[in-house]
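First up is the structure itself, then whatever we jot down about it.
What follows is calculated from the coordinates using simple rules that are stated; it is not laboratory data. This one's a predicted model, so the numbers in the text were calculated from it and none came from an experiment. Virtual Cβ from ideal backbone geometry, glycine too; neighbours counted across all protein chains shown.
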C-alpha cells in the first residue's frame, strides 16, 4: 500500500463511554472499528434506534476490539440493515460474542414482551432492537484472526490485533492506511489486573484513538479483596445477602478469584455463593479453554470456578429470592440495566441488613449510577423499589486502566501527530486530554459525535 491515509469519523463513544463505533474510509472502502450499543441515559439509548449514519451495506468490514456490548452489541442490527462483510475479531472475542449477542437479543425480546404485557412502553406494539435471527446472521460473518497476524482488507487497509488485557480476547487495533497507522486502544486493561496480563506496548503510530473511561480518576491503593472481605464478613454476621451486580464477562471471574482467595485464607465465612447469570455460566467454558491467556494457573482457575453454585434455570433463580441470607449472589448486569440481578434487587434491596456491591464503571443514566448518586428508590419493571441496603462501590476492581496507568502506557510508544480522546464521560475525556498535553507534550483533543477528520 502506498500513498497517504483517508478519514476517520466518530460515530460513537465521542461524548460518552458507550457506543464505540469508528468509521475509517480510504479510496472508496470503509472499515468500521467496533459496533457497540449506546447505554445509559435515554437520550443515548435512543441513538440505537436511529438509522445508522451511513448505509450499512457500504461498509466493507468490521473489526472488533472485544466482546463487551458497548463495543459489539449493535452488530446484529447492522447486519439486519444490510451489512454482509467479514467481522474480524480475536478467537476469544468471537467465542464470547457467540454468548453475549444471543443473550442480548433474548433480553431485548423479553423486555419488549414484558413492556407489552405491563403496558409501560409508550409504543403500542413494543419491538426489540434486534432478535435472535439477526444475531445468527451476524455470527455467520464472524472471522476469527490471530493476534499480531497482519490481515488485508482489499488494497486499501491492513490491520493487526494487539493484546489489550481488560478481558479475554480484548485487543487494540493497529490499522494501516497507506503510510499512516491509526492505533485504537479499545478498552485498555490494567498492568496490575489480578486475572488478565497487562496490555502490550503502544509502539509506533501516527494517530492514536484512546479510551478515557477513568481519565479523571485514580483507582487508588485500596485492595479490593480486603474491602470485599470486610463487607462479606459484616453482612454475613447479620444474616444478610451480599448482592454483586457484575458484568458476565471478565468481572464475574475477577470477583470469584477474590472470593476464592479470601475463602482459602479463612478471611470470609463459608457461606453459599451463587453465580446467577446464564451468560456468565456459559462464559466459564470459554475462560477454561483459554487458560493460557490468564495470569493465574489452571489449578487456581479451577478453584475459582468450583467455589460457586452456577444457577441455570429460571426456577432456581426465583428460589434464590426466597432463600434469604447469609449468602452471596453474583448476577448480571453490572450496571443494573437488565437481567436477573433486577429480580434480586427487588427482593433484597429494601432490607438494610443486605449489601449491594458495585464493582465497575457505572454509566450515567443507569440504575447503578443512580445508586452511587444516593438514590433510595429505583424504577424496576415499571414500579418504584425502595433501596435501603448498604451500597458500596469497589472502583478499584475495574478492568480499565486509570488515568495514570493510561499515561504510563502511552509512554511505551512514540509521539503520534494527534491523540483523539474517546470512550469517556465529558469530564473524564477532557481531564485525560489535559494530562496528555501537559505530561507527554502530545497534541490531543476530544472529538465530537459524528465528527470527521483527515488522517
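Here are the numbers:
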{"item": "Mean-position separation - Cα centroids, segment 297-352 and segment 215-234, in angstrom", "result": "20"}
{"item": "Sites residue 289 and residue 201 - FRET efficiency at Förster radius 25 Å, r taken between beta-carbons, to 0.05", "result": "0.40"}
{"item": "Segment 77-96 versus segment 404-455: alpha-carbon centroid distance in Å", "result": "28"}
{"item": "Angle between the chain longest axis and helix 224-237 axis [Cα atoms, degrees, rounded to 10]", "result": "20"}
{"item": "Cβ-derived FRET efficiency at R0 35 Å, residue 452 paired with residue 376, nearest 0.05", "result": "0.20"}
{"item": "Residue 226-residue 386 pseudo-label distance in nm [points 7 Å out on the Cα-to-Cβ vector]", "result": "3.6"}
{"item": "Label corresponding to volume of the Cα convex hull per residue in Å³ when calculated from the structure given, among (1) 176; (2) 152; (3) 128", "result": "(3)"}
{"item": "Residues 397, 142, sorted so that the one with the fewest Cβ neighbours within 10 Å comes first", "result": "142, 397"}
{"item": "Cα centroid of segment 268-288 to Cα centroid of segment 1-61, whole Å", "result": "34"}
{"item": "Stretch gain in nm, segment residue 313-residue 110, where the contour uses 0.36 nm per residue and the Cα spacing is subtracted", "result": "71.5 nm"}
{"item": "Linear extension gain, residue 303 paired with residue 267, 0.36 nm per residue minus alpha-carbon span", "result": "11.4 nm"}
{"item": "Beta bridges by DSSP in the chain, antiparallel share as percent, to the nearest 5", "result": "45"}
{"item": "Overall dimensions of segment 224-397 by Cα: Rg and Dmax, Å", "result": "15.2, 46"}
{"item": "Degrees separating the helix 278-289 axis from the principal Cα axis of the chain, which is the longest one", "result": "60"}
{"item": "Ranked list, fewest to most other Cβ atoms within 10 Å of each Cβ, for 205, 35", "result": "205, 35"}
{"item": "Cα long-axis angle, helix 426-435 against the chain (0 to 90 degrees, to the nearest 10)", "result": "60"}
